[in-house]
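The structure appears below as structure tokens.
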Amino acid sequence: MGKSTIFNLLTGLSQHVGNWPGKTVEHKTGVFRQGELTMNIIDLPGTYSLTANSVEEQIARDYLVHDDPDVVVAVLNAASLERNLYLVAELIELAPRLVIALNMLDVAEQQGIKIDTEALSRTLNIPVVPIVARANRGMRELVNQIEQEYGTAAGLPDVKHIEYGNEITGVIDHVNSLLDDGITTPYPKHWTAMKLLEGDKQISKLIRARMPAERWPVLDSYLSEHESAAVTIAMLRFEWIERMMAIAQQKHHVGQVSLTEKIDRAATHPILGLFMLLAILGAMYWLVFSIGVPMQEFLDINLIVRTRDFIYTLSCMPQWLQGFLADGVLSGAGTVLTFIPILFFFFAAWAFLEDTGYTARAAFVTDRFMHTLGLHGKSCMPLVLGLGCNVPAILGTRIIDSPRARLLTILLTPLVPCTGRMAVIAIIAAAFFGSAAALITIGIIIFSLIMMTVVGVILNKFVLRGKSSALIMELPLYHVPDLKLIGIVTWQNILAFIKRAGTVILAVSILVWLLSVIPNGDINDSLLAEIGKWLEPVGRLMGLNWQMMVALLSSFVAKENTIATLGVILSGSGGDFTQQIKTILTPAAAIAFLVVQVLFIPCVATISAIRQETGGWKWPILVLIFQMVLSFAIAIPVYQVLRLFPGM
């Protein structure tokens, strides 16, 4: 609907990302300033209703009640206005100072839909501001309307509520009479009565806990007698929506096939859609490699190698400080920073696909595949998100209603190759396979997804048995992406990567350097070498020496640490990173390393997210043990078979 676009346009880079109190669902806050006006903006989770079927819906409605925002802005999609108005029907019960931002009017017009915003505003008795967020049209008017609405805080506006008719109103009033204000606080009593009639589980649980034991059976009995009221209330709301639509919306070009429908004939086709998805992902990774890798190599040679050489020419600097800066900081965290071009193109390409509306189609066409794993259809989106980072993907499983499907999705998410893994795979593949790096990378990705499928089937059949439910989702209309929004999203992701490189990865790089020089400065006799040589017997089965095993182990902190650690270990070998790593790996060992890297234990942040979402250490520990065993069990035979071929 463009909610995040509006938020990004208003707040720019003055944003803060955190978690809702007591929840692991992310929220964004930002500040907008214009002259003497300052607005603190909260980006609530997107929702189509205020019935707490998911944590996101619960957070949205609880914030409206507990925090009492000065003004609530409902961002509606003009091309799907009928569906979006159901949220408005619920919001007017909770948010008297309400402004509607009617977004994507240009897309609606392309579909032959015309909205009379003035008529809609008069009928609703709510300000309606027409905007096209991605083109930055109407944003000033929206800000002015928010400021004007805030000025009515002293005397709340008379919002037009839905007329539910005498019969339902009488039922609502009777439930009201059985409630006390203290019992329903902080929720409005009238709204609470309606939610009880609608069968809202959270509200029912809350009222039952607060109400005197002798009074609950009376209320529960009355609610049971009027179970049909929930259906009636929903029908009356839909009738109200139909009246609003009849007044405000006109449709033209009946029977004309839209551009979205034409594209979706292929994009959502069960066979063509999968080939289209593979082609798009292939093109995306080809772009990342063909442009990003040469830029990474340029930075590595001209920034890292030359700066290291320069540091060692500074005779005025103590030798230990030279080693610390050149080998500990620069070769470690500095090498990781050279991946920024690769990640930039990946984040930009992914943001482009999201903004066009294609990622929803990716989830749709993989739904049938998900059912073979016994997953809820909504599991598609978190797993697709896992291509960016496994942590938000695991947090994103909160949208899944079924506890079983949610747990299964959480357990499979660490098998999705994130950007951290991809950064490592990109540089190793580029070093050994040159122009074929993109093909090797796509092959590794497909392989990891095949493994995820096999693991999912096993978990579904033998560990977490149950039935999956159907996927019901709205496919957004295709539209031209907003380059400014893509730039903001890409910059936010790059900034997060730089922050991690400057903190966690830097700390690990320094630790690795210290271990590599203790006790006598010779890396071959160091504590790091002792740790690596303890792991080397397993590594030899995959063609990996102790240096590669230490690098692999360091990826537990952050996947990018693999390259940072190798940068520190190989810093004394001379030459750039690509030349150095070719001296310790054969092509067969390189492929085995890519396999073990893509399947190896998830990073500590992912393990922490699994612990939070599953409520204990049982599943995180099982994930650690399982993926370690799986990665070695697959990589060892891969190497042993490939080494039999000439040139490998």
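The values are calculated or read from the model by the stated rules, or taken from the named source; none is laboratory data. This is a predicted model, so every value here is computed, not measured. Virtual Cβ from ideal backbone geometry, glycine too; neighbours counted across all protein chains shown.
Per-residue answers, yes or no, for (1) in the same structural domain as Leu337 (by TED's automatic domain parsing); (2) modelled with pLDDT under 75; (3) touching a Phe, Trp or Tyr at 6+ places or on another chain (Cβ under 8 Å); (4) within 29 Å of Ala436 (Cα to Cα):
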| residue | (1), (2), (3), (4) |
| --- | --- |
| Glu242 | no, no, no, no |
| Gln256 | no, yes, no, no |
| Thr260 | no, yes, yes, no |
| Ile263 | no, no, yes, no |
| Gly282 | yes, no, no, yes |
| Leu299 | yes, no, no, yes |
### Message
Take Glu141 and tell me if it is within 21 Å of Ile241 (Cα to Cα) and either not assigned by TED's automatic domain parsing to the domain that holds Tyr478 or not in a helix (DSSP H, G or I) (or both).
### Response
no
### Query
Of the conditions (1) over 18 Å from Leu415 (Cα atoms); (2) at pLDDT 80 or above; (3) surrounded by fewer than 18 Cβ atoms within 10 Å (Cβ to Cβ), Lys582 fails just one. Which one is it?
(2)
### Message
If I filter the stretch 64-74 for residues that are among the charged types (D, E, K, R), under 26 Å from Ser204 (Cα atoms) and crowded, with 17+ Cβ neighbours inside 10 Å, do I get at least one hit?
### Response
no
### Task
Among residues belonging to the stretch 610-647 that are closer than 19 Å to Thr586 by Cβ and among the β-branched types (Val, Ile, Thr), point out the one that is nearest to the chain's Cα centre (by Cα).
Ile634
#### Entry: Residue count for the stretch 204-223, restricted to those that are part of a helix (DSSP H, G or I) and of a type in the set (Asp, Glu)
1
### Query
Quick one: is Met549 assigned to a loop (DSSP other than H, G, I, E, B) and modelled with pLDDT of 75 or more?
no
### Message
List pairs: first residue in the stretch 585-599 and assigned by TED's automatic domain parsing to the domain that holds Ala423 and in contact (Cβ under 8 Å) with a residue 60 or more places away in the chain, second residue surrounded by fewer than 24 Cβ atoms within 10 Å (Cβ to Cβ) and charged (D, E, K, R) anywhere in the structure, Cβ distance under 7 angstrom, at least six positions apart or on different chains.
### Response
Ala588/Arg643
### Message
Can you tell me how many residues within the stretch 188-203 are over 16 Å from Arg237 (Cβ atoms), of a type outside the set (Lys, Arg) and part of a helix (DSSP H, G or I)?
### Response
4
### Enumeration of residues in the stretch 413-442 that are surrounded by fewer than 21 Cβ atoms within 10 Å (Cβ to Cβ) and under 16 Å from Ile394 (Cα atoms)
none
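The rows are residues; the columns are (1) on the phi > 0 side of the Ramachandran plot; (2) part of a helix (DSSP H, G or I); (3) at pLDDT below 90.
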position: Ala609; (1), (2), (3): no, yes, yes
position: Gln612; (1), (2), (3): no, yes, yes
position: Phe626; (1), (2), (3): no, yes, no
position: Val641; (1), (2), (3): no, yes, yes
position: Met648; (1), (2), (3): no, no, yes
### Task
Could you please let me know if Ile162 is modelled with pLDDT under 80 and either more than 30 Å from Leu37 (Cα to Cα) or in a loop (DSSP other than H, G, I, E, B) (or both)?
yes
### Summary
Only one of Leu535, Leu506, Leu511, Leu528 is assigned to a helix (DSSP H, G or I), modelled with pLDDT of 75 or more and closer than 19 Å to Val329 by Cα, namely Leu511
